[in-house]
Amino acid sequence: MDWRSIPSLAALRAFDALARHGSLSAAARELNVTHAAVSQHLRALEADFGEVLARREGQGMQLTEAGHELAIALGEGFARIADGVSALRDRNAVRPVVVALTPSFAEAWLMPRMGGFWAAHPEIEVRLVPGVTLTDFRRDGIDVAIRFGGGDWPGLQAEPLALSAFVVVAAPHFTKARDLKGLLKLTGQDWFFSGASSEQQIWGKAIGVDFKAIGAREMANNGLVASAVRAGLGVSLQAKTLVAPDLASGQLISLHEGDPEGLGYYLVTRPDGLSHSARLFVRWLRRLAKA
């Protein structure tokens, strides 16, 4: 970059403050300089660009069209600088690792394994934020997300964490159905799904079962769904990784398995780097998924 080709940063900072506050005096107070200094910076910028950037209007200043364009560019640029500085300062800061994830993944897969991470890193606090809606990483302070879908989230980095098949499960003697054709003959009251599990509804439509349309039994969370199915009250769609212990023990049996290409759980992060604590958590997740 040729720094000689752009105005001084002091002048650009002054104009950014003026644009945000709409007042020379307010901009001067923010920058801890005099009213005259901000006015001088404004005149210097206008001379440099050959454009009027702001006009006095009553007690304040009104930006021109050129002033608006410059203000938008400066706002975006200074915001990126602030993000970069904060990320660098936070890299080794001791703060919680905030993880957004689906409720079913948190309950059935992650929480039973979290003891291993805390045993290895007792100094790191991990704050889990279960939810079915997508979160805004910057707005919500999210470090890492475990999302369900096809891996395409613009502006974020996504890597497969668990792309295992889904499975229709039931207690051993609940139904004689052992294939998809037999399952599709079940009534809506035989199916259980969680309103907090987008995974189940996506998988259901993949095999031709729309839970809302058939009037399936909806539970508040996947823990209740699993309890109902273990008790022999119905069938449910689950990620195979989440019910592997139940299948291994024989408490549940598999009635049908599917594997929609690319559909599963993804480890999602921002492209601008992680704190030291978040990097340790991500490495632990990767090792766990491979195992």
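Since every read-out is calculated from the coordinates, none of them should be taken as a lab result. In this text, all values refer to a predicted model and were calculated from it rather than measured experimentally. Every residue, glycine among them, receives a Cβ derived from its backbone with ideal geometry; neighbour counts consider all protein chains shown.
Work out how much length K290 to W153 would gain on full extension: take 0.36 nm times their residue separation and subtract the Cα-Cα distance, in nm to one decimal. Please report the intermediate quantities before stating the final value.
Working: separation 137, 0.36 × 137 = 49.32 nm, distance 2.28 nm.
Gain on extension, K290 to W153, equals 47.0 nm.
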- Count the lysine pairs in the chain whose Cα atoms sit under 20 Å apart, keeping only pairs 8 or more residues apart in sequence or on different chains. 7
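Exposed loop GluC sites (Glu not before Pro) only (DSSP loop, at most 11 other Cβ atoms within 10 Å): please give the longest stretch of the chain free of them, not including the sites.
Numbers: sites that count: E123, E261.
So the longest stretch without any such site is 124-260.
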- Item | Where only C-alpha atoms are counted, convex hull volume of the chain per residue in Å³ | 191 Å³
- Rounded to whole angstrom, the alpha-carbon centroid of the range 118-150 lies from that of the range 209-288 at a distance of 17 Å
- Task: Could you please rank D179, D143, D2, placing first whichever residue has the fewest other Cβ atoms within 10 Å of its Cβ?
- Result: D2, D179, D143
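Roughly speaking, what is the stretch gain from L224 to V52, that is 0.36 nm per residue apart minus the C-alpha to C-alpha distance, in nm to one decimal? Working shown, then result.
Working: separation 172, 0.36 × 172 = 61.92 nm, distance 6.52 nm.
The span from L224 to V52 would gain 55.4 nm if fully extended.
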- Message: Need one word for the range 166-258: rounded, prolate or oblate. Basis is the Cα gyration tensor (sqrt eigenvalues a ≥ b ≥ c); a/c below 1.5 gives rounded, then a/b vs b/c decides.
- Response: rounded
- Ranked by Cβ crowding within 10 angstrom, fewest neighbours first, how are L18, L224 ordered? L224, L18
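Using a simple charge model, +1 on the beta-carbon of Lys and Arg, -1 on the beta-carbon of Asp and Glu, nothing else, what dipole does the chain show about its Cα centre, in debye to the nearest 20? Walk me through the intermediate numbers first.
Values: 31 positive and 30 negative charges, 164 e Å.
Result for the chain is approximately 780 debye, rounded to the nearest 20.
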- Would you mind ranking S8, S198, S275 by Cβ crowding within 10 Å, fewest neighbours first? S8, S198, S275
- Query: Could you give the distance between the Cα centres of the range 1-23 and the range 169-199, to the whole Å?
  - Reply: 63 Å
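Taking the DSSP beta bridges in the chain as the whole, what percent of them are antiparallel, to the nearest 5?
On the way: 24 of 36 bridges.
That works out to approximately 65 percent antiparallel.
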